[in-house]
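A.B. asks: Please read through the structure below; I'll follow up with questions.
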Amino acid sequence: MLSRAGIDTKVVAMPSSTYFTQATDLKFSFMLLGWSTGTGEASSSLKALLMTYNRDRGFGTANRGRYSNGKVDALTEDALATVDDVKREALLQRAAELAIRDTGIVPVHFQVNLWGTRDGISYAPRTDENTLAWKFQPGAKRQ
């Protein structure tokens, strides 16, 4: 048992099938998990992790801590309905700032991926972190 800042914790490793079943059943009071977005913006994370759980509307589907803030919900819904990139980004930033200030989640790690290629080969990394062989292209030689 570890104690940090008054929080007693015990690391319990388990297969993902067991973990996600129990997490969905809200069996944990504290969890470590990873999340990435294929769009490169915060809408997917906010909608799934931080919006108030509402199965019928598809909000908060991965909000296993049941964090809830009506302002975060409203800003995220407005962003999801906004096509203007600049306006959507501003709404998403405000929603994320509120959720972080509330400690809706506690980011402890930010993944940074690196790709390397040889001279004459180029690759544009993807926001979903997948490396697709057919996306490697002949490229300019380095000087």
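A.B. asks: If I filter the range 37-48 for residues that are surrounded by 11 or more Cβ atoms within 10 Å (Cβ to Cβ) and touching a strand residue (DSSP E or B) at 6+ places or on another chain (Cβ under 7 Å), do I get at least one hit?
C.D. replies: Within the range 37-48, one or more residues are surrounded by 11 or more Cβ atoms within 10 Å (Cβ to Cβ) and touching a strand residue (DSSP E or B) at 6+ places or on another chain (Cβ under 7 Å).
A.B. asks: On to the next question. What is the residue count in the range 53-65 for residues that are closer than 16 Å to Ser43 by Cβ, open to solvent by 80 Å² or more (accessible area, probe 1.4 Å) and modelled with pLDDT of 95 or more?
C.D. replies: Of the residues in the range 53-65, 1 are closer than 16 Å to Ser43 by Cβ, open to solvent by 80 Å² or more (accessible area, probe 1.4 Å) and modelled with pLDDT of 95 or more.
A.B. asks: From (1) at pLDDT 95 or above; (2) in a helix (DSSP H, G or I); (3) out of contact with any helix residue (DSSP H, G or I) (no Cβ under 6 Å at 6 or more places or on another chain), pick out the condition that doesn't hold for Thr76.
C.D. replies: (3)
A.B. asks: Could you identify the single residue in Asp73, Asp84, Asp78 that is among the charged types (D, E, K, R), buried (at least 19 other Cβ atoms within 10 Å of the Cβ) and more than 14 Å from the chain's Cα centre (by Cα)?
C.D. replies: Being among the charged types (D, E, K, R), buried (at least 19 other Cβ atoms within 10 Å of the Cβ) and more than 14 Å from the chain's Cα centre (by Cα) holds for just one of Asp73, Asp84, Asp78, which is Asp73.
A.B. asks: Kindly evaluate Ala99 against the criterion of being of a type outside the set (S, T, N, Q), over 27 Å from Asn130 (Cα atoms) and in contact with a Ser or Thr (Cβ under 6 Å, 6 or more places away or on another chain).
C.D. replies: Taking the combined requirement at face value, the residue does not satisfy it.
A.B. asks: OK, next. Would you check which residues across the range 93-143 are open to solvent by 100 Å² or more (accessible area, probe 1.4 Å), closer than 30 Å to Gly65 by Cα and at pLDDT 90 or above and list them?
C.D. replies: Within the range 93-143, Arg94, Glu97, Arg101 meet the criteria.
A.B. asks: What about Lys10, is it touching a strand residue (DSSP E or B) at 6+ places or on another chain (Cβ under 9 Å) and open to solvent by 90 Å² or more (accessible area, probe 1.4 Å)?
C.D. replies: It is true that Lys10 is touching a strand residue (DSSP E or B) at 6+ places or on another chain (Cβ under 9 Å) and open to solvent by 90 Å² or more (accessible area, probe 1.4 Å).
A.B. asks: Given (1) farther than 19 Å from Thr37 by Cα; (2) open to solvent by 80 Å² or more (accessible area, probe 1.4 Å); (3) assigned to a loop (DSSP other than H, G, I, E, B); (4) of a type outside the set (A, V, I, L, M, F, W, C), where does Ser68 come up short, assuming only one miss?
C.D. replies: The single condition Ser68 does not satisfy is (2).
A.B. asks: Could you count how many residues in the range 45-65 are polar (S, T, N, Q) and assigned to a strand (DSSP E or B)?
C.D. replies: Number of matching residues: 1.
A.B. asks: Same structure again: Which pairs do you get when a residue that is in contact (Cβ under 8 Å) with a residue 24 or more places away in the chain and closer than 11 Å to Thr76 by Cβ, found in the range 49-65, comes within reach of a residue that is of a type in the set (Phe, Trp, Tyr) and surrounded by fewer than 19 Cβ atoms within 10 Å (Cβ to Cβ), reach meaning Cβ atoms under 9 angstrom, with the pair 6+ apart or on two chains?
C.D. replies: Between residues of the range 49-65 that are in contact (Cβ under 8 Å) with a residue 24 or more places away in the chain and closer than 11 Å to Thr76 by Cβ and residues that are of a type in the set (Phe, Trp, Tyr) and surrounded by fewer than 19 Cβ atoms within 10 Å (Cβ to Cβ), the close pairs are Leu49/Trp35; Leu49/Tyr67; Leu50/Tyr67; Met51/Tyr67.
The values are calculated or read from the model by the stated rules, or taken from the named source; none is laboratory data. This is a predicted model, so every value here is computed, not measured. Neighbour counts are summed over all protein chains in view; Cβ atoms, including those assigned to glycine, are modelled from backbone coordinates with ideal geometry. To get the accessible areas, we keep the full protein, side chains included, count just its heavy atoms, and leave off ligands, DNA and RNA. Shrake-Rupley method; radii C 1.70, N 1.55, O 1.52, S 1.80 Å.
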